[in-house]
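Reviewing the structure listed below.
FYI, it's all coordinate maths here, none of it is from the lab. Keep in mind that what you see is a predicted model, and the values were worked out from it rather than measured. A quick note on method: Cβ atoms are made from the backbone with ideal geometry, for glycine too, and the neighbour counts reach across all protein chains shown.
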Amino acid sequence: MSVLETFAPDTPPDRLVGALDRDGAVIIADVMSREWRARIAAELGPYLDSSARGLDEFTGTSTTRTGALAARSAGCRDLITHPIVQRLCDAVLLRNAERYIVNLTQAIRLLPGQPAQALHRDRGLWGPYLPASIEPQLGTLWALTPFTKENGATRIVPGSQHWLEGREPQEAEITEAVMTAGSVLLYTGSVIHGGGANRSDGERIGINVTYCLAWLRQEENQYLSCPPQIARSFEPRLQELLGYTMGGYALGYYSPLDARAGAPDTVPPEFALGRLPPAAPRGTSGVAAGFVPDQRMNNLEPADAQ
Ligand SMILES: O=C(O)CCC(=O)C(=O)O
């Protein structure tokens, strides 16, 4: 019988990382307060109500999915930057990249009658091209409602991130991420999992925020879901996580269309938010990760780039 470990929020990060490396998933109980959950529920309520059901079996014909959570909910912004999650993303994702970024933000609401989703690995998103040794993603699923066996708690196959492609789980190898409201399930992009069946008469709502290596394409296009005019008011760490920073040397620069003659034409994304990257104080030529987009950048006020 397979099980998933549940930890208290004050568990030393090394223990959480150890369990994540072993099982591919962990639950941290009761991280989000009742007030925090109520705030998110109030902020997202109108969007959840207007979101259409999925069009196919995988997305769920009795499931609604609502994105753009960074733009739509301050409560979700605090989930995205949560220190425990950052610590685990550091441990798992910085093994294969200089940075990681938000891959998607999605409120997943399983309505009564939603059948179990096909088991899958999220890394399939990027096709078969990544070597098995590279873990591309760490996902979080925050329980806005309790997750129970009856209402569709996520099904997980602990340890399956180490399996060879093609091995199918036996029923005894599958467990459910049963957790209280306010808890969070963390799971890697390589572990086999899927939404459970909602056999209850209530809704199961999870806030799914996943993070990927900064050199991969994001599943949810954050520059469209959360464009610069919205992202510019966010704290710098959140802006970086959404992708408004260089992903590595030369990765992610842009050219402001209205730059003046003589001004630099290749600048880091922070310029679109009206600021310089932290690693490039005025008077120096480098930006984050050492990229020198254009020596003349020092002549450009960030405000010019809007
Ligand atoms: O809702 C869940 O429990 C998991 C959903 C999922 O894995 C997916 O949609 O890819």
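Backbone N atoms of region 82-116 closer than 17 Å to the 7 Å Cα→Cβ label point of ASP21 belong to residues 87-97. Sparse packing (at most 15 other Cβ atoms within 10 Å of the Cβ) combined with a DSSP loop state is found for the following trypsin sites (Lys or Arg not before Pro) in region 85-179: ARG95, LYS149, ARG167.
Between ARG34 and ALA118, the distance separating the two model label sites (each 7 Å from Cα on the Cα→Cβ line) works out to 4.2 nm. Result for the chain in a Gaussian network model with C-alpha springs under 10 Å: among THR105, THR188, THR148, the largest mean-square fluctuation is at THR148. Placing dummy labels 7 Å off each Cα toward the beta-carbon, the span from ASP10 to ALA52 is 4.9 nm. Using a Gaussian network model of the chain in which every pair of alpha carbons under 10 angstrom is joined by a spring, one finds that among ALA74, ALA52, ALA116 the greatest mean-square fluctuation is at ALA52. From Cα pairs below 8 angstrom and at least 6 apart in sequence, can you work out the relative contact order of the chain, rounded to a whole percent? It comes to 21 percent, rounded to a whole number.
Here is the result for region 179-280: no GluC sites (Glu not before Pro) lie in DSSP coil with at most 15 other C-beta atoms within 10 angstrom of their C-beta. Charge dipole (Cα centre; +1 on Lys/Arg Cβ, -1 on Asp/Glu Cβ; no other charges) of the chain amounts to roughly 320 debye. Between THR145, ALA214, LEU273, the Cα set farthest toward the positive side of the dipole of the chain (charges on each charged residue's Cβ, about the Cα centre) is that of LEU273. In degrees, nearest 10, range 0 to 90: what is the angle between the Cα axis of helix 13-23 and the longest Cα principal axis of the chain? Value to nearest ten degrees: 60. Placing a label point 7 Å from the Cα of ALA74 along the Cα-to-Cβ direction, the residues of region 26-61 with a backbone N closer than 15 Å are 35-44. Placing unit charges on the Cβ atoms of the charged side chains and taking the dipole of the chain about its Cα centre, the candidate lying farthest along the positive direction among PRO169, ILE134, ILE192 is ILE134.
Computed per residue of the chain from DSSP H runs no shorter than four, each worth -39500 (n - 2.57), the mean residue ellipticity at 222 nm is -5500 deg cm²/dmol. Please name whichever of ALA19, ILE40, LEU4 sits farthest to the positive end of the charge dipole of region 2-62, dipole taken about the Cα centre and charges placed at Cβ: Lys and Arg +1, Asp and Glu -1. Positive-most Cα among the choices belongs to ILE40. Along its principal axes, region 1-141 has C-alpha extents of 40, 38, 37 angstrom, given from the largest down. Taking the inverse of the mean reciprocal distance over all distinct Cα pairs, the Kirkwood hydrodynamic radius of the chain comes to 20.3 Å.
Structure remark: mean-square fluctuation, Gaussian network model of the chain, C-alpha springs under 10 Å; the largest value among LEU119, LEU257, LEU186 belongs to LEU257.
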